[in-house]
Structures are given as C-alpha cells and as structure tokens.
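Structure first, then comments.
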2 protein chains.
Amino acid sequence: MRGEKKPRLVMKFGGTSVADTTRLEGLVVRVRRELEAGYDVAVVVSAMAGETDRLVGLAEGAVRVMDGREYDTLLSTGEQVTASLLAMMLSDRGIPARSWLGWQIPLDTDGRHGRACIEKIGTEGIERRFSEEGMVAVCAGFQGVSDRGRVTTLGRGGSDITAVALSVALGAGRCDIYTDVKGFYTADPRIVPKARVIGEIGYEESLELASSGAKVLQVRSVEMAMRYGVKVRVLSSFEECGGTSLVGEGEGGARMEKQVVTGLAMSTKECRVTLAGVKDVPGVASEVFRPLADRMIDVDMIVQSVSKQDGKTNMTFSVQSEDVDEVEKMLIRDREKFPYEELSIDKGVVKISLVGLGMRSHAGVAQRMFEVLAEKGINILVISTSEIKVSVLIGEDYGELAMRSLHTAFGLDEGE
Amino acid sequence: MRGEKKPRLVMKFGGTSVADTTRLEGLVVRVRRELEAGYDVAVVVSAMAGETDRLVGLAEGAVRVMDGREYDTLLSTGEQVTASLLAMMLSDRGIPARSWLGWQIPLDTDGRHGRACIEKIGTEGIERRFSEEGMVAVCAGFQGVSDRGRVTTLGRGGSDITAVALSVALGAGRCDIYTDVKGFYTADPRIVPKARVIGEIGYEESLELASSGAKVLQVRSVEMAMRYGVKVRVLSSFEECGGTSLVGEGEGGARMEKQVVTGLAMSTKECRVTLAGVKDVPGVASEVFRPLADRMIDVDMIVQSVSKQDGKTNMTFSVQSEDVDEVEKMLIRDREKFPYEELSIDKGVVKISLVGLGMRSHAGVAQRMFEVLAEKGINILVISTSEIKVSVLIGEDYGELAMRSLHTAFGLDEGE
C-alpha cells in the first residue's frame, strides 16, 4: 500500500477535547478509525484546557509591557505539550506518528506576533512520511515561525486556522473540527430547548451566525475555508453524531429543500448608543464614525432618524459592550466637532439575528419577524438587514422570549 | 560603545533559582549588575522547579513505551517557558534581551534522544546581537536539535552542559553557575556543621567529590570545563557569597598554600557484596565482573582476600544500592560458572572519601585516615585509593562520626 496516494483528512481537536490523557485516549480511537477507513491523517491540536490561561497568568504576573515575541514563545509551549503527548500515545498504541511544531512543518507566517497570518505551509516532510511510513502528522496548532526564525502565534481561534490552512496545503478532502458542541445549532440550546443541530450550512450562513454570537468556529477560519472550498465538518469530541458540514452554495443534497431560515443567534454583548439632536448636514456621520474606525472599534447597526424640522436628527448605533466606555469618552471629547443635544447609552439590550440563504429568494422574512415580535409585545429598537440576515436590537429582558418565539415561528423546532 | 567587543559572561540558573517570577526578579538584578560591570551576557536557564516533574508525570500517565523524540519535545517546553519569561522580564525592565531555543541558537547535537551530546553551537546570531544591540541572550538550557530537525535533550545536568559549552563557543571569560548551595563545601554541612565553602577547587578534585556524593555540578559539565579550560564558578542564587571557583592545576593564588585534603564526601547509596569461598584461579574475577559490566552496572571498590590453604578466596566489592537486587540475581544465576560457598549482601554501609590534589605530594594521608577511624573504633570494611582520593566503606551507623572526626583531623573545620 505504501507509495500509493491515499485521500487525506485533517482532524482538529480543541482544548476540552485534549484536556487530559483520558481525553487523548479518545482521540487515539478516532484517529485509528480514520486510518482504517483509508485516510492519511494530519491531526491539529490545541493546548490542554487551562494551560494557555496558566501561561498567560505567568506572563501577566511578571511584566507590565509584554514583548510579543517572547509571549508567543511562551504560549506556543501549550500546543507543543499536547502534540508531543498525543504523538507518543499514538506510537505507543501501534500507530506510527510524529509531532510537528510550527518551525518544523514549517508553517511560515508574516511575523506579526500574537496575530500572525499564514504565508506558506511546507508539506514536503509530512507528505513524505505519509507515503513512506503511513505516519500520522500531529501538528501543534496556533503556532508558526517568522522569516526571522521566531515563534509566532496566529491569535484567537488559531488552531482552527492551522487546520483549515493545512487542509488546503495537503489537499485534504475533509477537515473535521472536533469541539465541545455537536455542531452548529438552529439556536443556542441553552436558550432555546427545542434547537436542533444543522446538518448542512453554507459558509456565509455560518459566518453570519458566528458573527452574530454563535461561537462554534472562528470567523477567520470559515473565511479561509470558503475561499479555498475546504470541506469543513464541525463535530463533537464527546458524542457520536453527524455534526454540521459547511458547504458551498449549490452543494449538498439536503439543502435542496432547505429552510428559508437556517438559524438564530443572540448576542448579549451589545450596547445601544444614541446621539440626540445632531445637526443633519452632509459629513456628520463620517465625523462621528471615523475616530471609532481609527481605533478599530466595530460599529454594527446604524440608524439615522428622519430629520426634524429644526434640521437636527437622532443617530443610533450599536457597539460591543467591551468598547462602550471608550466610545463614550470619545463622543464626549469630540462634542465640539459635531454638536449634539444629548448622549445616551443603553447597556440593557441584546441583538437577535435570523440567518438563512433562503432569504434571498423568499420575500417577507423580515416582515414575519417583526410580526412575531409584535405579537409578543416586544419593542424593536434598531433594525439592520443584509442579504442573508435580519438583525434587531431589543431589550435584554425579552431576549429569550424572542428567540423561542422566532424559532417556533420559522419552523426550526426539533421534530418539525 | 556598540561594535566594540566586550568580555563575555555566561550565567546559568537552575530550577530553584527560577522557581517563580519573584525569583526571576532576582535574576534580573544579577544580570543588570554584570552588564554594568561591562560584560556581554548569555544566560542559560533550567525549567522552573517542579515543571519537569509535571511533564514527566503527564508522559508516564499516558504511555507504557516512551518515544524518545516526543519525550524530548515534551520536556523541552519547561526550559522554553523559563527562557521566554525571563527575556520578557528583562525587556520590561529596560534590558534588551531575547530568548534562544535550542533550534534557534542553533545548538546541534548528535541526535541521541534523552542523552544527546553537543556537536556544534552556532553563535553568529547571539554575537551579532551582542555587538549591535548589547542584547542579553537568554538560552533555554538542556535542549538542542538533531540533524533531522528534531528537539533533543542533553540528559541529567543538561543545563550545566549547555552553559559550559556555550562558554566555550562564545569564548566567555567566566561561566557562573548559580545553584541552591553556596558552592563546593569541605563536607556536606548537614552532616558536618563546621564545614566551609571551598574558595578554589581543582577540576579533578571537584570530579572526585562529585562522583563521591557531593551533588553540586554534574560530572559531564566539569569534564567539559576541564577539557576546554572554562573558568567555572559555582555560586548561590539566594545569598551573596564568593562561591567556589574551579581552577586548573597551577592556577589560583590561594591554592599555593592549599590543604592536603580539600574536601570529604559521604555516599549512602552503597552496598557491599561478598562472595565467600570462590575458587582462586586466573580469570575468576573477570567471570564475576564481565556480566555486570555488560549491564552497565558500576562496580566501585573491589577487594580480594589472600587465598586460603584450600585454594579458595573471598571477593568483596561495592555497588550502588539501586543495582544491588539485579546484581544478586545475576550472581545466583551464574553460580555454576564460578562456584562459591556463600553470597552475602550488606546494605548498611556508607562510603567516605577524602579528596585532595595535595595527596600526590604528601604521603601518609591514607594512613592518617585509618588512624583517625581506628581511634573512634570504626571498622573499615573495604578500602580503595586513587591518585587524589582515598575511600573507605564503613558501617552506616558510623558515617556521621567518621565525617566529623576526619573533617577536624585534616584541618578543614571552619575558623581553622
């Protein structure tokens, strides 16, 4: 069999899936099964749960100003520990395997410490061991190497990026991301008990759901998967289930009869900011938002009310809770640049989003959403829409009621 | 000042010296002092105390058969954590610094995992940063890289080896090894309260003391220092003191008037093995010891008594306690090859050694030793001597009495 090119599979396991050696034992079983199914396998692992926090704690206890190069060198040990442990366990159980650190693969990055982008992945070493020895490649996720030979990390969700990028480089037919959830849900099951796992989801839908609060896959890794057409599947490490497959538009049989709405998301990290009595002249919006953009503060929903007779208007927008204090300071500081009558900030709001590719061809989804909310007496504060998403800002007390009502109204409940 | 070549110093800090960030803070002070004294500084660090044990525990809990390559990859993270933490602390305190992992230096080894030997150290990168930026090199000890690009570790005492080898490669004028003791003592101060720190000691003396039970420096690193004439100094991380300087013969002013005996050591890990009634024919000793040598079992002291009239003799030797069970099994197994009347094993013995370069030119040291022990009524079981050492095996109950008596008799007590 050696020498013959087999189909390739990348399997990625996150922090809770590699929390201890008992969990790692479960991974060995999963890897063996895929080898027996005829794949050459590359595994990407995260740091063991809690390990990254421990390392961050060490650094934060030691310095005021963090040297990004050293911080990356420190944090990358977490994935190195998991990769070497899993490789030795696989070997011990009779499965040829070796660990690959970022610099060994090599996974070349642009050298931006703490948030590096992958430039190139050398797969010659891994591929040679696939064909000569049928050897499993256990790759430390999240880490790469700069052209100066320093360790770099890829930032949040970095191991997912490693897995998707490695799938591209190896031409893997599938990239299985094992997580602590069963896949993408029609809604967060802690909020909507009748939520179900979505069998197939479009890349764009998953992006909208991710950016609307469903924390399954990091946005960057979905974007990369979409760009290169990587067949990503999100699965549970702990339960046997089909998970969620990410598919391109037009792919996937089940999507032939797809729902108009694929899923719902609720984000509780929103604040509503209102500037009342702003002068309604050209350029004022850019005056307001440019300083925020300069500081990389994401402004999500913007509504400008119709101008009143006095030539003034109200401007409402939403920002992430973590940014709201900074936004408040900036708006107060800049009051003379764009005079306003009153600044009010409402932290007690949530954003509810309906996502679905079907919206493109089905009119009236937004209208139906507003009706459902109105029936429950829920007041909509701000609305925004995109081609495949409708989002509303509502009072946080109504969040769960809105989610459950919409879930039922759009036919997403389990068993339907 | 940049561009001018400064004298160079290597400083090595062991596990207890880097146990936490408070300890690391102390290192920053010491490094700063040496920079201000005009040195370019390379620091070699071990894993934080307890960290290596934690990693070993992870591996031992996971596998039956250890893959040496993965084990090295796992263990090397300990030193990586310390090196990156210290480098970020130095930078944070205004001292330019960067960490160097084994593969970054590069520290090339022969690839024997778990006990690699250093083949070559590339110093171009470190030296360039010395001269261009006055940058402290914080090197992860214990680790190197094989010609296959895998992480290798140097085995026990590996960070001391890294420090000495780096001193050779950098042409450092001094190599300061910071430990949790003040230096080499005339005897273990826990046993002999009047013991003092030895200001200067010959390489060979320190080797004899080390192999006789004084655990200050690993034998391999002393041998390398001796071979290349590296000026090693052993110091305390926790107290200000002069420490012990290792010097070649003929070096060092203080040694002009040196003591005949430099120090005493006691090893409690010895067992006495006696084969009574062995046939006294040529070749019998080799029959007895060859199988032990084949198994890498170290036989230390050997005494064969004068043949009795029946043509039989008694053969006594000492082995390490950890080997004695295996030795017993082998001797019982091989009884038909070299018949003997009785095998007896005495685990209740200790070895006391007197070490001193002065013995070469001063006769009667051994004789004086025997007298002192006789005066205290201590029975000597086995004797062995080398050019600069006399060792005796005695009953363990007499160990402390013998050490204190000899320490006084040879003029080593503090204040003398």
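The values are calculated or read from the model by the stated rules, or taken from the named source; none is laboratory data. None of these values were measured; they are calculated from a predicted model. Cβ atoms come from the backbone with ideal geometry, glycine included; neighbour counts cover every protein chain shown. What goes into the accessible areas is simple: the full protein's heavy atoms, side chains included, and nothing from ligands, DNA or RNA. Shrake-Rupley method; radii C 1.70, N 1.55, O 1.52, S 1.80 Å.
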Practice task
For an R0 of 51 angstrom, estimate the FRET efficiency from the Cβ-Cβ distance between B:Asn379 and B:Arg115 and round to the nearest 0.05.
Solution key: 0.80
Exercise for the section: One decimal, nm, shortest first: give the distances between the label point of A:Arg93 and those of the same position in the other copies, each label point 7 Å from Cα along Cα→Cβ. Expected result: 4.6
Problem - Inter-copy separations for A:Lys376, label at 7 Å along Cα-Cβ, nm, ascending - result: 8.7
Exercise for the section: Could you please report the charge total around A:Ala195, scoring K, R as +1 and D, E as -1 over all other residues with beta-carbon less than 10 angstrom from its beta-carbon? Expected result: +1
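Sort A:Tyr39, B:Tyr203, B:Tyr228, B:Tyr398 by accessible area with a 1.4 Å probe, largest first.
Working: A:Tyr39 50, B:Tyr203 20, B:Tyr228 135, B:Tyr398 100 Å².
In descending accessible area the options line up as B:Tyr228, B:Tyr398, A:Tyr39, B:Tyr203.
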Practice task
Note the angle between two axes, namely the Cα long axis of helix A:324-333 and the longest principal axis of the Cα atoms of chain A, as a number of degrees from 0 to 90, rounded to the nearest 10.
Solution key: 50 degrees
Handout entry: Total formal charge among the other residues, if their Cβ is under 13 angstrom from that of B:Thr77, Lys/Arg +1 and Asp/Glu -1
Key = -4
Problem - In Hz, Karplus ³J(HN,Hα) per residue of segment A:19-25 (6.51, -1.76, 1.60; θ = phi - 60°; x = Gly, Pro) - result: 4, 7, 6, 5, 5, 4, 4
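Can you tell me how much longer the chain between A:Ala49 and A:Asp397 gets when fully stretched, taken as 0.36 nm per residue apart minus their C-alpha distance, in nm with one decimal? Mind showing how you got there, number by number?
Details: separation 348, 0.36 × 348 = 125.28 nm, distance 3.29 nm.
Stretched fully, the A:Ala49-A:Asp397 segment lengthens by 122.0 nm.
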Problem - With Cα atoms, 0 to 90° folded angle of helix B:219-228 axis to chain B main axis - result: 70 degrees
Exercise for the section: Can you list the distances in nanometres, one decimal and ascending, from the B:Gly50 label point to the identical position in each other copy, with the point 7 Å along Cα to Cβ? Expected result: 1.4
Practice task
Please report, in Å, the Rg and the Dmax of the protein assembly as shown, where both are computed over Cα atoms only.
Solution key: 35.5, 132
Fill in the blank from the handout: With every protein chain in place, the accessible area of A:Thr21 for a 1.4 Å probe, in Å² rounded to the nearest 10, comes to 30 Å²
Fill in the blank from the handout: Once normalised by the length of segment A:330-404, the mean sequence separation of its alpha carbon contacts under 8 Å that are 6 or more apart gives a contact order in percent of 38 percent
Handout entry: Dipole magnitude of the protein assembly as shown, debye to nearest 20 (Cβ charges: Lys/Arg +1, Asp/Glu -1, about Cα centre)
Key = 920 debye
Exercise for the section: Would you pull out the residues with amide H under 5 Å of A:Glu200's amide H, same chain only if 5 or more places away, H placed 1.01 Å from N? Expected result: A:Ser245
Practice task
Per residue of segment B:371-377, in order, report the coupling 6.51 cos²θ - 1.76 cosθ + 1.60 (Karplus, θ = phi - 60°) as ³J(HN,Hα) in whole Hz, putting x for Gly and Pro.
Solution key: 4, 4, 5, 5, 4, 8, x
Completion exercise
From DSSP H assignment alone, runs of 4+ in chain A each adding -39500 (n - 2.57), the sum over residues rounded to the nearest 500 puts [θ] at 222 nm at -10000 deg cm²/dmol
Handout entry: Label-to-label distance, nm, for residues given as B:Ala276 and A:Cys241 (7 Å Cα→Cβ offset)
Key = 7.6 nm
Exercise for the section: Report the antiparallel proportion of the DSSP beta bridges in chain A as a percent, rounded to a multiple of 5. Expected result: 60 percent
Handout entry: FRET E, pair B:Glu223, A:Ala293, Förster distance 51 Å, beta-carbon r, rounded to 0.05
Key = 0.20
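Taking beta carbons within 10 Å but only from partner chains, what does the mean come to for residues A:65-76?
Working: counts 4, 3, 10, 1, 6, 14, 3, 1, 13, 10, 2, 4.
That average works out to 6.
At 0.36 nm per residue, and after removing the present C-alpha to C-alpha distance, how many nm does the segment from B:Ser386 to B:Val56 gain when stretched out fully?
Numbers: separation 330, 0.36 × 330 = 118.80 nm, distance 3.80 nm.
Extending this stretch completely gives an extra 115.0 nm.
Let me confirm one metric for peptide B:47-60, namely the mean number of other chain beta-carbon atoms within 10 Å of its residues' beta-carbons. Write out the running numbers ahead of the final one.
Numbers: counts 0, 1, 0, 0, 0, 0, 0, 1, 4, 0, 0, 9, 7, 1.
Mean number of neighbouring Cβ atoms from other chains: 2.
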Practice task
Between chains A and B there is a rotation axis; tell me the chain A residue with the nearest beta carbon and how many whole Å away it sits.
Solution key: A:Thr77, 2
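Just how large is the dipole of chain B about the Cα centre, in debye to the nearest 20, putting +1 at every Lys and Arg Cβ and -1 at every Asp and Glu Cβ? Could the numbers behind the result be given before it?
Numbers: 52 positive and 62 negative charges, 133 e Å.
Dipole of chain B, to the nearest 20 debye: 640 debye.
Could you put A:Lys269, B:Lys215 in order of accessible surface area, largest first, with the 1.4 Å probe and the full protein assembly present? Working shown, then result.
Values: A:Lys269 115, B:Lys215 155 Å².
The residues order as B:Lys215, A:Lys269, largest area first.
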Handout entry: Square roots of 5 times each gyration tensor eigenvalue, C-alpha, chain B, largest first, Å
Key = 43, 27, 18
Practice task
Measure off 7 Å from each Cα along the Cα-to-Cβ vector at A:Glu336 and B:Lys308, then give the distance between these two points in nanometres to one decimal.
Solution key: 11.2 nm
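Find out how many positive minus negative residues lie around B:Arg174, taking Lys and Arg as positive, Asp and Glu as negative, among other residues whose Cβ is under 9 Å from that of B:Arg174.
Details: positive: B:Arg8, B:Lys231, B:Arg233; negative: B:Asp176.
Once positives and negatives cancel, what remains is +2.
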Handout entry: Using alpha-carbon coordinates, inclination of helix B:68-92 to the longest axis of chain B, degrees
Key = 50 degrees
Problem - DSSP beta bridges in the protein assembly as shown [antiparallel fraction, %, rounded to 5] - result: 60 percent
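Extension gain A:Glu124-A:Lys231, at 0.36 nm per residue separation less the Cα-Cα distance, in nm?
Working: separation 107, 0.36 × 107 = 38.52 nm, distance 2.23 nm.
Fully extending the segment from A:Glu124 to A:Lys231 adds 36.3 nm.
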Practice task
In whole Hz, with x marking every Gly and Pro, tabulate ³J(HN,Hα) for segment A:345-357 from phi via Karplus 6.51 cos²θ - 1.76 cosθ + 1.60, θ = phi - 60°.
Solution key: 10, 10, 8, x, 10, 10, 10, 10, 10, 9, 10, x, 4
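Based on a Kirkwood Rh over C-alpha pairs, give the Stokes-Einstein translational diffusion coefficient of segment A:61-196 at 10 °C and viscosity 1.306 mPa s in µm²/s. Present the calculation step by step, with values, prior to reporting the outcome.
Working: Rh = 16.4 Å.
Translational D for this selection: 97 µm²/s.
Can you compute the FRET efficiency between A:Ser344 and A:Arg190 using 1/(1 + (r/R0)^6), with r the Cβ-Cβ distance and R0 = 35 Å? Round to the nearest 0.05. Mind dumping the intermediate values first?
Details: r = 31 Å, r/R0 = 0.89.
Efficiency, rounded to the nearest 0.05: 0.65.
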Exercise for the section: Assign unit charges at the C-beta atoms only (+1 for Lys and Arg, -1 for Asp and Glu), then state the dipole size of segment B:278-368 relative to its Cα centre in Debye, rounded to the nearest 20. Expected result: 400 debye
